[in-house]
Amino acid sequence: MATAKVPTPSVRPNGFHVKRGGDPFYSSAAWRALRRRALVIAGHHCAWCGADVRARGASRVDHIRPRREAPALSLVLANLRVLCTVCDARRHAEKGQGVAGHALRKVDADGLPTSALHHWNRRQP
Ligand SMILES: [Zn+2]
């Protein structure tokens, strides 16, 4: 007997959008379990700025070596770190993704980076 295909609604009744074409890795049980462990080990704090990431949607568990680069480390706890959404955005800008990445690579006449986000231009803490 053939199973009828039920179209997936793009918005769930609770208002959350269902990610279409999202990476199935991030919905796997193995990833979710490991992600939770990483959060517990980090004490639910951002590894970079120390912000509390306990609130719903406040945490990002980041692969230190990106999956694209080191797929074998996808489920290795030592390759994970907890970031807040702000630090995660900064991290992705540094990885050279999207417009922020392009801005990051812009240089002036002397060959020095013009972006304030570039690590050469960042103020010392
Ligand atoms: Zn942070």
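Every number here is computed from the coordinates shown, using simple stated rules; none is lab data. The shown structure was predicted, so the numbers you read here are calculated from the model rather than taken from an experiment.
Can you list residues from other chains, or at least 5 along the same chain, whose modelled amide H is less than 5 Å from the amide H of Leu80?
Ile64
Could you tell me the extents of the stretch 25-85's C-alpha atoms along the three principal axes, largest first, rounded to whole Å?
Computed over the Cα atoms, the extents are 29, 22, 18 Å.
Could you derive backbone 3J(HN,Hα) for the stretch 30-46 from the dihedral phi with the Karplus parameters 6.51, -1.76 and 1.60 (θ = phi - 60°), listing whole Hz in sequence and x where the residue is Gly or Pro?
Going residue by residue, I get 4, 5, 5, 5, 5, 4, 4, 4, 4, 5, 5, 4, 6, x, 6, 10, 5 Hz, with x marking Gly and Pro.
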